[in-house]
Amino acid sequence: MSQSDGFTYDLAAISTFRDHEACERVRKIPRSLITEHPNPDFHISVIDDAEQFYQAFAHDLVDRIRAARDAGKPLVAILPVGPVPQFTIAARIINEERISLTHLTTFNMDEYADQDGVTAPITWEGSFQRSMWKSFFSQIDEELRPPVEQIHFPTSEVIASYSTMIEDLGGADVVYGGIGWGGHIAFWEPHLGFEFAGDMAAYRRAGARTVELHPMTVMQNALHSFGGDWSWVPPKANTIGPREILGAKHRSFWLDGDLGNGFSWQRFIARLVAHGPVSEFVPGSLLQEAGADYTLLGGVADDLVIAMA
């Protein structure tokens, strides 16, 4: 039971993660201690300025692209859709420096799907494919873009072989991402943990698939992408799984869920992922074991308080 000033209550039924003590412990982690972690390969940092945050994200991606080019090596990158500003910045740098991306192969993390698991077409305004082409690929000068056959999305046509496609290239060199309100990575949702009955080895091996979206994901995405309209959010999605995330050579995660005016939906889940127990019901918590760069926008790192207090 959660307890605050003598008021005791259970977690809401929507919560798949049920460890009250862990929730209360991480809730109390102040901003001054949030970057401390026992795993030296799990690097937590905070960037207060939003423009600097997206600049840093963009430069992380471009630096890896440039380094692979200079080394004469291919680069396989798993990309998210949001946050989006870093892609426009990265495209500008690529154009200014005339960096050819012929050595780059990309796999997007996820794509929306309907109730039958059929993925959204690129023509649909909410499609992740559409967003990536608009914010990134089309912003790069045509002669510099990767060949179109090296740009991949987890559509209905390829989802059954998506994990194999990545592994056939030696796995991802880097996977970028964020953390969902319920703790998801990509659309690997917290309720998927029930399928594995505590078998974490099997959970870590799970690959790309079609999933039902968790209610918290529907609400989160309605908030930041669909004008608050939860009826507009599709019920399913195709997504990579723990197999792809853990199989990557490097993990780079960026959390910018700050609404301004002192409000952030991501403060608690950022802490639970980074400082709570590793759990199949908090998918992002796997990053603690695997190691990652975990960068928080300043408002996400701020202390948790009740706004009405």
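The values are calculated or read from the model by the stated rules, or taken from the named source; none is laboratory data. It should be emphasised that the depicted structure is a prediction, and the values quoted were computed from it without experimental measurement. So basically every Cβ, Gly included, is an ideal-geometry build from the backbone, and we count neighbours across all protein chains shown.
Quick notes on this structure:
- Entry remark, region 15-45: residues being in a loop (DSSP other than H, G, I, E, B), out of contact with any strand residue (DSSP E or B) (no Cβ under 6 Å at 6 or more places or on another chain) and either at pLDDT below 95 or hydroxyl-bearing (Ser, Thr, Tyr) (or both) number 2 in total.
- Test set (1) loosely packed, with under 15 Cβ neighbours inside 10 Å; (2) farther than 18 Å from residue 142 by Cβ; (3) in contact (Cβ under 8 Å) with a residue 12 or more places away in the chain - residue 40 fails condition number: (3)
- Residues (in a helix (DSSP H, G or I) and touching a residue at least 60 places away in the same chain (Cβ under 8 Å)) located in region 55-79: 56, 57, 60, 61, 64, 68
- Matching residues, region 270-309, being within 19 Å of residue 203 (Cβ to Cβ), among the charged types (D, E, K, R) and either crowded, with 19+ Cβ neighbours inside 10 Å or touching a strand residue (DSSP E or B) at 6+ places or on another chain (Cβ under 7 Å) (or both): 280
- Residue that is surrounded by the most Cβ atoms within 10 Å (Cβ to Cβ) [pool: residues in region 56-94 that are in contact with a strand residue (DSSP E or B) (Cβ under 8 Å, 6 or more places away or on another chain) and modelled with pLDDT under 95]: 81
- Unmet criterion (only one of (1) under 17 Å from residue 208 (Cβ atoms); (2) crowded, with 21+ Cβ neighbours inside 10 Å) for residue 104: (1)
- Meets criteria (exposed (fewer than 13 other Cβ atoms within 10 Å of the Cβ) and farther than 30 Å from residue 197 by Cα) for residue 97: yes
- Extreme residue, surrounded by the fewest Cβ atoms within 10 Å (Cβ to Cβ), among residues of region 203-262 that are among the charged types (D, E, K, R) and closer than 17 Å to residue 285 by Cα: 205
- Within the set 259, 213, the sole residue that is touching a Phe, Trp or Tyr at 6+ places or on another chain (Cβ under 7 Å), farther than 15 Å from residue 179 by Cβ and modelled with pLDDT under 95 turns out to be 259.
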